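Enquirer: Quick one: this structure, given as structure tokens, is what I'll be asking you about.
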Amino acid sequence: MAARATRAAEILARLKAAYPGSHCALDHGNALELLAATVLSAQCTDVRVNLVTPALFATCPTAAHYAQIPLENLEALIQSTGFFRNKAKALQGLGRVLVERHSGEVPRSMAELVKLPGVGRKTANVVLGNAFAMNEGVVVDTHVGRLAGRLGLTKATDPVKIESDLMPLFPRADWTLLSHLLIDHGRKVCNARKPLCASCMLADLCPSAPVQGERNSIVPSRSFE
């Protein structure tokens, strides 16, 4: 565990140096906007969500607007994000719950956030970390899960277990940033189909990087604690 923590610290330092402007990719101006955008981001790219949300946020600036807007109107606004009927129901439902239980405000606790329709631990972590600067956990999306496994930081495949493996390895103050850094690196270098190991600044720390002379592969080729 000590060796893994030391390696994790070096991974974090290198990622910070490589991506100094790393931040939440979902455009938002407040906690409600981020909450809605994160709900829409399920099975959808952040780029697509950011194209949809300006009109959505203008139409629904408050939780009461989400609660009261006709469902078909909400569906039309978010249709291009996919699974729009389920997402529209979630947005309308969370709007109603926010109005009825939280005076229209987004709660600042994991326990209350995960009670909202369409909100799980991942979404709650996004909102708490980025809207309220509260590091309650690590956001584990597909990029974070993939890189955590490739880097040998976890053997788990379940997002909750991956999160629990990552949290002890990194300073709490960096949990939110860690997700952004791993997402940036996953998009730019360590992509799903063909990771660019030859140009990766983490290659010497990565058990999945091929040793010199081997073909590019994500099959572990070296052993780390």
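The values are calculated or read from the model by the stated rules, or taken from the named source; none is laboratory data. Source: prediction; values computed, not measured. Virtual Cβ from ideal backbone geometry, glycine too; neighbours counted across all protein chains shown. We work out accessible area using only protein heavy atoms, side chains counted, and drop any ligands, DNA or RNA first. Shrake-Rupley method; radii C 1.70, N 1.55, O 1.52, S 1.80 Å.
Enquirer: Looking at (1) open to solvent by 20 Å² or more (accessible area, probe 1.4 Å); (2) out of contact with any Leu (no Cβ under 7 Å at 6 or more places or on another chain); (3) outside any helix (DSSP H, G or I), which one does Glu136 not meet, given that it meets all the others?
Expert: Every listed condition holds for Glu136 apart from (2).
Enquirer: Do you know which residues across the stretch 146-171 are open to solvent by 20 Å² or more (accessible area, probe 1.4 Å), in a helix (DSSP H, G or I) and closer than 20 Å to Gly120 by Cα?
Expert: Arg146, Pro159, Val160, Lys161, Ser164, Asp165, Met167, listed by residue number.
Enquirer: Only one of Ala31, Ala37, Ala88, Ala76 is open to solvent by less than 50 Å² (accessible area, probe 1.4 Å), more than 17 Å from the chain's Cα centre (by Cα) and either closer than 15 Å to Val126 by Cβ or small (Gly, Ala, Ser) (or both). Can you tell me which?
Expert: Only one candidate qualifies: Ala88.
Enquirer: Taking Arg96, is it out of contact with any Pro (no Cβ under 7 Å at 6 or more places or on another chain), of a type in the set (D, E, K, R) and either farther than 30 Å from Val189 by Cα or open to solvent by less than 20 Å² (accessible area, probe 1.4 Å) (or both)?
Expert: Criteria met by Arg96.
Enquirer: Checking Val126 against (1) in contact (Cβ under 8 Å) with a residue 24 or more places away in the chain; (2) open to solvent by 10 Å² or more (accessible area, probe 1.4 Å); (3) more than 19 Å from Ala37 (Cα to Cα), which test does it fail?
Expert: Checking Val126 against (1) in contact (Cβ under 8 Å) with a residue 24 or more places away in the chain; (2) open to solvent by 10 Å² or more (accessible area, probe 1.4 Å); (3) more than 19 Å from Ala37 (Cα to Cα), the one that fails is (3).
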